[in-house]
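Notes to accompany the following structure.
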Amino acid sequence: MSAGIDLENVCCDFGTFRAVDNANVSIKPGEFFSFLGPSGCGKTTILRMVSGFIEPTQGAIKIGGKDMKGTRPNQRPTALIFQNLALFPLMPIWENISFGLEVRGVDKATRRKKAEDLLKLVDLPGAADKMVSQLSGGQKQRVAIARALAVEPQVMLLDEPLSALDLKLRQHMRAELRAIQKRTGVTFIYITHDQGEALAMSDRVGVMSQGRIQQIAAPRDIYDNPVNGFVASFVGENNIFEGEVGPVADGMAALNGAHGSFRARVLPEAQGKALKLYVRPEHTLLTKVKAAENSVEMEVTEVAFEGAFISVHGQAAGGKRLSAEVKNDGVTVVPAVGEKVFATFDAARALLLPDANVRG
Amino acid sequence: MEDLIRRYGTGLTAVFCLLVAFWILVLVILPNFSMLFESFFPYLPVAELGGPKDVFTLQNYEKILANPIETNWFGIPISIPVHISTFVDTVFFSALVTFMTLILAYPLAYFLAKVASPRSIPTLLLLLFIPMWVSEALRAFAWYIILTFNGPLNALLKGLGIIDQGIRWQNGVFTSYDAIVIVLTYCYVLFMLFPIYTAITSLDTNQIEAAEDLGSPWWRTHWRVVIPHAKPGIASGCVMVFMLSAGSLLVPTVVGSTKANWFPQTIYTWFNDALDWNTGAAYSMIFLLVCIIFVILAMRLFKVKLSDIAK
């Protein structure tokens, strides 16, 4: 069973500091939802409010449609996986996993059986009688997941649980987590500052900055149609141009700046604000001749081989740094350092965006 | 050792080692051995020392079995040697003091370690420490005044209308050891508090939250997570308070009722009033041995290792 979570105008103040400002999210039952943002953006505060360790200063948190105000963490249908996992070092693994059942008065034999079943589910059979200190990082991770699943929560809350693992294991655990979520159908709320993790695992992502939710959308939309400069920069690289924005027609507008005149898309909600032009390096082509529009001359300063693609960095007039990604497909010609090329992009791929949504 | 030599040089290391050896050998082992030795010889006038009567004997130890008295324990009348009775009372009420300090110190230690805001900790610890700056004798006398028949405690209770007539606290309400238990608890509660406080401070708060998140009520979180973690601290606090209480001479002397005898007082009487150091030494040895056995048994019972306490 899984439940949806609704955050309605949720604010959280610590003294005079507003950690979370007017958060509104509706997370569907069975959804894998990530909060993505830099440290201090308020994402952990949201998680702690949902799990019940912090009461919101304003607004309501509903789990399965039920207002959780005044409900203690031990009464909520949530299970939290802590960043440091917080396994109980003095209990053997099976007691760790079945602690939530022990609390509910389940007898020992049933608890033991359930713990062993869960250990199989997380691919760690035979670890029941080990102590926490005997396990590796990835194994502890699995035990923490099993311990949370044991109480059959309607919502799983995960606070950057993969951050302590090495890259290889992290990628493996990503897939594992996603698979467990699909298998159990439990609603997952995942907190991370790693955009790769959030984009790869989630059904939807909420990007946060300075206590505010900047955008809630599917990973693809977050990346392709960010609503502001903060989101665009947090989930990927950008070439950014500043200038005067002309009138909007058919969702397109012109930007006149030091590097010439460009055309780019404008989302309806961005109209009337101070805008900058954002275009991703992989949407920036390098051409020998100047294109009809959206083309800037630059001198190549660095060529970095990344494997699947080649990163080309250059300098345009006035020291403006630009970069482009060239596919390593054996066909595309990679310019050499010192060469002069034109960085060209499609108007449909470029966006005119305001800065982050912050308190004025 | 090699590390010490590398850091401080051979000279200083030798000084450290010699000082520690002097401490243990001359100030701890030798006096105790001397006591042990003396306890096996009779108390004789100076003229007879080294004479035919000055031979190895167990008579000092046998004295503790002399003089049976009729008394009752919790309503059951029994006949028991008077010094054994004192002895059992001392161990029992020291254990009670240990239990009382534990009951008082654990919640306070938990509060200080996990609940109180870190900014208020120095103030709170200072407030706890200030009474310790006053000598134990003064504190015992202060309690003597508080508990006395026309003292402030009775005045307060009468003023509040809780009692009509003064209570003779020093004679005891429940047992004749009430006053001793109260004052020893007061004197030694901090020896329980600090080891537990230190132990709980080292517990990851996330573990407490994890237990709560898994549905655990507060008491189960304490029983399964906090107390097991704090066990070494609790054990060392218990050993300290028990040994200090059982060995206290001053508090029972100042606040004890005429009916309450504490074993160190008995030992003191042998040494100071009877001037029979040999019997006093024998009593001390018995007391030391039984207290150590009692502590070891308690540690076995609660599955605590000696190395845990040393931490």
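The values are calculated or read from the model by the stated rules, or taken from the named source; none is laboratory data. Just so we're clear, the structure is a prediction, and the values are computed from it rather than from any experiment. As a convention, Cβ positions derive from the backbone with ideal geometry for all residues, glycine included, and neighbour counts pool all protein chains shown.
Quick rundown of the values:
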{"quantity": "Checking residue B:222 against (1) in contact with a helix residue (DSSP H, G or I) (Cβ under 7 Å, 6 or more places away or on another chain); (2) buried (at least 17 other Cβ atoms within 10 Å of the Cβ); (3) in contact (Cβ under 8 Å) with a residue 24 or more places away in the chain; (4) within 14 Å of chain A (Cβ to nearest Cβ), the condition it does not meet", "calculated": "(1)"}
{"quantity": "Count - residues of the stretch A:59-99 that are surrounded by fewer than 18 Cβ atoms within 10 Å (Cβ to Cβ), away from every other protein chain (no Cβ under 12 Å) and of a type in the set (A, V, I, L, M)", "calculated": "1"}
{"quantity": "Selection status of residue A:304, under 24 Å from residue A:222 (Cβ atoms) and within 29 Å of the chain's Cα centre (by Cα)", "calculated": "no"}
{"quantity": "Condition broken by residue A:182, with the remaining ones in (1) in contact (Cβ under 8 Å) with a residue 12 or more places away in the chain; (2) surrounded by fewer than 18 Cβ atoms within 10 Å (Cβ to Cβ) satisfied", "calculated": "(1)"}
{"quantity": "Some residue of the stretch B:202-212 being free of Cβ contacts under 8 Å to residues at least 60 places away in the same chain, more than 7 Å from chain A (Cβ to nearest Cβ) and of a type in the set (S, T, N, Q)", "calculated": "yes"}
{"quantity": "Any chance residue A:256 is touching an Asp or Glu at 6+ places or on another chain (Cβ under 9 Å), more than 16 Å from residue A:283 (Cα to Cα) and surrounded by fewer than 16 Cβ atoms within 10 Å (Cβ to Cβ)", "calculated": "yes"}
{"quantity": "Strands (runs of 3 or more DSSP E) within the stretch A:159-271 that include 1 or more residues under 30 Å from residue A:124 (Cβ atoms)", "calculated": "A:187-192, A:204-209"}
{"quantity": "Qualifying residue in the stretch A:102-120 (condition: within 9 Å of chain B (Cβ to nearest Cβ) and surrounded by 19 or more Cβ atoms within 10 Å (Cβ to Cβ))", "calculated": "yes"}
{"quantity": "Any hit, the stretch A:42-57, residues being farther than 30 Å from residue A:119 by Cβ, assigned to a loop (DSSP other than H, G, I, E, B), in contact with an Asp or Glu (Cβ under 6 Å, 6 or more places away or on another chain) and away from chain B (no Cβ under 14 Å)", "calculated": "yes"}
{"quantity": "Number of positions in the stretch B:53-72 that are of a type in the set (A, V, I, L, M), under 15 Å from residue B:86 (Cα atoms) and modelled with pLDDT under 85", "calculated": "2"}
{"quantity": "Positions within the stretch A:285-297 being under 17 Å from residue A:261 (Cβ atoms) and surrounded by 12 or more Cβ atoms within 10 Å (Cβ to Cβ), in sequence order", "calculated": "A:290, A:291, A:293, A:294, A:295, A:296, A:297"}
{"quantity": "Test: residue in the stretch B:86-100 that is of a type in the set (Asp, Glu) and under 22 Å from residue B:290 (Cα atoms)", "calculated": "yes"}
{"quantity": "Residue under evaluation residue A:135, criteria (1) touching a Gly at 6+ places or on another chain (Cβ under 9 Å); (2) in contact (Cβ under 8 Å) with a residue 40 or more places away in the chain, criterion not met", "calculated": "(1)"}
{"quantity": "Residue among A:116, A:102 that is more than 25 Å from residue A:173 (Cα to Cα) and assigned by TED's automatic domain parsing to the domain that holds residue A:22", "calculated": "A:102"}
